[in-house]
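Here's the structure, in C-alpha cells; my notes come after.
Just so it is clear, none of the values below were taken in a lab; they were calculated from the coordinates. In this text, all values refer to a predicted model and were calculated from it rather than measured experimentally. A quick note on method: Cβ atoms are made from the backbone with ideal geometry, for glycine too, and the neighbour counts reach across all protein chains shown.
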Amino acid sequence: MKPDDKDIQWVEEPDLGASGKTYLPLFVEGMTTTIKHLLSPKMTVEFPEERHQIPDPILYRGVHRLNRDEQGRVKCVACFLCATACPAHCIDIVAAESPWPDREKYPASFTIDELRCIFCGMCEEACPVDAIELTSLFDLSGKSREEMVFDKEKLLSIYDRTKDSEPMRSVRMAAEGKPVGGERPAILPETEGPPEIAEKDNLAEPGATP
Amino acid sequence: MPIAIIDGRELEFPAGERLNAIQAAERVGIQVPYYCWHPGLTVAGSCRMCLVEAGTRNAATGEISMMPKLVPGCNTPVRDGVVIVTQSEKVQQARAMVEEDLLLRHPIDCPICDKAGECLLQDYHFKYGQDERRADIRPFTSRRRDVGDVTLFVDRCILCSRCVRFCREISGTSELTVVHRGAHEEIDVAPGFPLHNNLSGNVVDLCPVGALGDKDFLYRQRVWYLKRHQGICTGCATGCSIWVEENQDRIHRLKPRENPQVNQWWICNEGRYSYPHVHNDRRLAQPRRRDTQAVVDLDWTTLPAELLQRLREAGRLAAVLSPYLSVEEAYLLATLVRGVDPEARLILGPVPVIGEDERFPNGFTVSAEKCPNRRGVEEIIARFQSGRITTFDAFPSQLKGGRIGGVWFSGGYKKENWIEDEKVRSLTALKLLVVQDLFPSAVSALATYELPGAAFAERDGSYVNRNDHLQSVRWAVRPPYGVRPEGTLYWEMLGRPGLYNARAVLNELAAEIPYFHVAGGPVPDVGVNLKVNLLAEQPEEIGVRS
C-alpha cells in the first residue's frame, strides 16, 4: 500500500490548546482517579495471611475433586465423558469392572494433570453422575511436575477436605429446590442412592460344558 | 431392465437380481434404518424399523396404487414397477414410534455402555426419534449374564435376534435362543450349553446395541477414541479382511471388514483375539550382533552396509523366506540375496499347520495352515529358482557338506520358541546367520545377527491367500522403538532411493512375474484374485454362498 492510496485516511493529532499545554487538566483528572481509589474499599488481600473470599464457590473453578457416594466409594463410573470433553486432554482414566455388585464400571486409575488443565469446567459439565467437580481451592502448588499430576486418591482426599465447606453440587441444588441437572431431565435418576438393581443373573453351572 | 421407483427416483437393476427395498434404496443413495435385517442373515422382519410405503405402477396406464399399510422394507422384494416411499410423514411417524417403543424398556446407561458411539439405537434416536420422552424413565438396571464366549447385558437387548440367527445359520451351533414371551423375551442359552464356537465373536459385531459385549474389549476403550485402519488377518491362510482399531499405536480390537470374496462379514475368534502378541513385552526390539566373545547392540543407520559386507564375505548364501512376509518383502529379500550371490538358495520357511480346516455351514473356513502368505512366497521362489520350491524340511540336507556359508532367516512367527531345537541343529555350523523375527526362539539364539521384525499391523504389503486372492494393506500402528519393518531394511540394503514403497515393489512384481500380473492394476479394498482369468477352472471359492 502506497502512502497516497485513497483508502488510507490520515489523522492529525488534535491541538492541545493553551491550557492543555500546561498538562494541568490531565494532571487533575489523574489525581482524582488515584484519590478515589485510595479512599474506596480495598479489593486486594494480604495473601497468604489473609485469603480471598470467593463470592460463589459453586461458580468458581479451582482444583478438581472426585466425589464419593454415601458408602464412601468413588462416584465416578469411568464413562470417559470428562476426558472426551476436556479440551486440554489432561484427564487420563483406566476403566475396570467394578468390585461392587450394584455398579458396572469404575475407574481403576483416574489422573488429572493439573498443570495441563485450563480450568474451563467442561469435565464438571460433562459428568453424568456428578462425580467430578471443581472446588474453590485456588492455591495449588507442588515441588515437581509429577506431583501436580493428581491421582484418584489425591482427588478423593480433596473431596474429604472440602465436602463440609462445599457440599456436592447436586446436594446443594436439591436443598435449594432447584432441579438437579439443570433444564434437561437427568439421564441417571438414581445418582444419590444405589440404583434399584435386579439380582445379578447367574447361569446354572457356569463352568459346565456340553 | 426392470425399473423400481424409490422416492420418485428410478432404479434400473438387472433382471433376476434379488433385492429388497432396503438394498434398492441404498443403490439410489437413500438410507432406510433397520435393526434386525443383515445382508448375511435370513430376514426376520421383527424390528419394524424399516417400514416403508410400497405399491405398484401399472405398466399399461402408469397409474400408481399404494398398499394401505406400511410394509417392512427388508421383506419387500423389489420387482419391475414397484414403488417405494421411504420419507413420507407416515413412515417417519412409524420410525419414531418404533424408537419410542424400544426406549421404553432400554436402560439409558450409555455413559457406561461399551457400544455408545457406534450404537444404532443411539444413532437412529437422534436421526429418527422424538425429541421428547413421554414415558417415565425406569431406573436403569444392568443385569449381566455370562452366556459363554461373550457377556450379555440382558436389559439392553432390543430382541432383533440377529445373534440367534447367526448361531443357527452361520456358525451352525444354535446356542443362543430367545426365551419367554412378549415383553419378557430375553436372549439366553440352554443350561449347560454356553455360547462357545470359533465364530462367536461375530455376534458382538452383529448386535446393533450394547447387549452383547466382547469380554476382551469390555471397558477397555470408548469407541470414539479408536481409529480404524484396513488390515488383513494373518492368523491363517484364509486371509480375512479386518479393521484394525487402535488408539495411540495400541491395538484394542480387530473387527471383520466386509469382503464378499474372502470372508463376507465374519472373522473367527482365533483371528479376532490374535493381536496381543503385537504388544508383547518379550518381542525383540534391538538389533544385535553375537560375536564369539560378546553381544553387541547395533544401530540401524550403519546396519545395512555392515550386513551387506558380511553377506558378501559369507560365500554361498541361502535365504529362508517366511510365509509371514508380504509378497513385496519376500521379493525384495530374494532380489537382495540373489544380488549378492546369483546362485543363492531360496527356501520356503516353516509353514505352521495345526489340525484340520474348520468349515462352517455357510462356507466360511478357518484354515489349518496358520500363515497368511505361503502362496505368494512360493510363487516368488518358483520364479527365482525356475519352478523349484525347497521346503524347510528339505533344507538341512542341503546344508550338509558345508557348501552354504551364510543364511538369512526371516521369521515373523507370533510366539516364542516356535521351532524345535532339533530342526535348527544344522544351522549351528554356519559362518553367518541373520535372523529376523518377532520373538526369541531356538533360531535367534544361534544368530550372528539378531534383528527385530515388524508384526502384521506394522507393515505395508500384500498377502496372497490360499485361493490366490491378493489383498494389499498399509500399516496401522507404528512398531515399537527399535524395530524396523522388514521391507524398510531390504529397501535400504538394496540401495533404493527414498522410503520403502510397497506399491512400487508390487508394480515391479506384477511386471516381472506373470502370476502377479493382475496386481499391476489398481488393487481394490477387497483385493484381486490373481487367477481371475482362470476363475472358471476354480473348483471352489470360499465364502461365496450359492
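Some notes on this structure:
- The slack in the chain from A:Gln9 to A:Lys42, taken as 0.36 nm per residue of separation less the alpha-carbon distance, amounts to 7.4 nm.
- Cα→Cβ-extended label distance, 7 Å offset, between B:Thr301 and B:Ala135, nm: 6.7
- Nonlocal amide H pairs with B:Lys215, under 5 Å, H built at 1.01 Å: B:Thr151
- Residues whose placed amide H lies under 5 Å from that of A:His64, excluding near-sequence neighbours: A:Thr135
- A:His52-B:Leu499 FRET efficiency (beta carbon distance; Förster radius 60 Å; 0.05 resolution): 0.55
- Cα-Cα separations in the range A:82-173 greater than 19 Å, expressed as whole percent: 44
- Cα-Cα separations in the range B:288-537 greater than 27 Å, expressed as whole percent: 34
- Per-pair calculated FRET efficiency, R0 = 35 Å: B:Glu169 and B:Ala394 via Cβ, rounded to 0.05: 0.20
- Couplings 3J(HN,Hα) of the range A:116-121, computed from phi: 7, 4, 10, 6, 8, x Hz, in residue order, whole Hz [Karplus 6.51 cos²θ - 1.76 cosθ + 1.60, θ = phi - 60°; x for Gly and Pro].
- Axis of helix B:502-512 versus longest Cα principal axis of chain B: the two differ by about 70°, to the nearest ten degrees.
- Local net charge near B:Ser322, Cβ-Cβ under 11 Å (Lys/Arg +1, Asp/Glu -1): -2
- Residues whose amide H comes within less than 5 Å of that of B:Val353, counting only those at least five positions distant or on another chain, are B:Lys370 (H built at 1.01 Å from N in the peptide plane).
- Extension gain, B:Glu343 to B:Ser65: 0.36 nm times the residue separation minus the Cα-Cα distance gives 92.3 nm.
- Rounded tilt (10° steps) of B:89-105 against the dominant C-alpha axis of chain B: 70
- Antiparallel bridge percentage (DSSP; both residues within the range B:3-87; nearest 5): 90
- Global dimensions of the range B:140-279 from alpha-carbon coordinates: Rg and Dmax equal 15.4, 47 Å.
- Order of A:Leu24, B:Leu451, B:Leu530, A:Leu115 - criterion: other Cβ atoms within 10 Å of each residue's Cβ, fewest first: A:Leu24, A:Leu115, B:Leu530, B:Leu451
- Rounded to the nearest 10 degrees, the inclination of helix B:374-384 to the longest alpha-carbon principal axis of chain B is 40 degrees.
- Counting neighbouring beta carbons within 10 Å and listing from fewest to most, the residues A:Ser40, A:Ser109, B:Ser326 come out as A:Ser40, A:Ser109, B:Ser326.
- Scattering curve values for the protein assembly as shown, log₁₀ I(q)/I(0), Debye with Cα scatterers, q = 0.05, 0.10 Å⁻¹: -0.40, -1.13
- Secondary structure note: in the range B:140-279, about 95% of the DSSP beta bridges are antiparallel.
- Shape of the range B:64-206, Cα gyration tensor, a/c cut at 1.5: oblate
- Summarising the strand pairing of the protein assembly as shown, around 75 percent of its internal DSSP beta bridges are antiparallel.
- Shown here for the range A:16-114: GluC sites (Glu not before Pro) in loop regions (DSSP other than H, G, I, E, B) with at most 13 other Cβ atoms within 10 Å, namely A:Glu46, A:Glu49, A:Glu50, A:Glu70.
- HN-Hα J in Hz across the range A:138-155 - Karplus 6.51, -1.76, 1.60, θ = phi - 60°, x for Gly and Pro: 10, 9, 8, 8, x, 8, 8, 5, 4, 5, 8, 8, 7, 9, 4, 4, 5, 5
- Gain on full extension, evaluated as 0.36 nm per residue between B:Arg478 and B:Arg9 minus their Cα-Cα distance, stands at 164.2 nm.
- Peptides B:205-216, B:351-362 ordered by average Cβ neighbours within 10 Å, highest first: B:205-216, B:351-362
- Order of A:His89, B:His469 - criterion: other Cβ atoms within 10 Å of each residue's Cβ, fewest first: A:His89, B:His469
- Anisotropy class assigned to the range B:273-414 is oblate, per the alpha carbon gyration tensor with a/c at or over the 1.5 cut-off and a/b no larger than b/c.
- Cα gyration tensor category, rounded, prolate or oblate, for chain B with a/c compared to 1.5: prolate
- Calculated from backbone phi, Karplus (6.51, -1.76, 1.60) coupling profile of the range B:435-447 in Hz, x at Gly/Pro: 10, 10, 8, 7, 10, x, 8, 4, 6, 5, 5, 8, 5
- Lysines with Cα under 27 Å of A:Lys163, excluding same-chain neighbours fewer than 8 positions away: A:Lys75, A:Lys105, A:Lys143, A:Lys152, A:Lys154, A:Lys178
- Across all Cα atoms of the range A:1-148, the radius of gyration (one decimal) and Dmax (whole number) stand at 27.1, 86 Å.
- Binning the C-alpha pair distances of the range B:389-537 at 10 Å intervals from 0 yields a P(r) profile of 10, 30, 32, 24, 4 %, listed from the shortest bin outward.
- Listed pairs B:Lys69/B:Lys127; B:Lys255/B:Lys415; B:Lys127/B:Lys227 exceeding 32 Å between Cα atoms: none
- Nearest-0.05 FRET efficiency for B:Ser88 and B:Arg288, computed from C-beta distance (R0 60 Å): 0.30
- In this Cβ point-charge picture (+1 for Lys and Arg, -1 for Asp and Glu), the protein assembly as shown has a dipole of about 1700 debye about its Cα centre.
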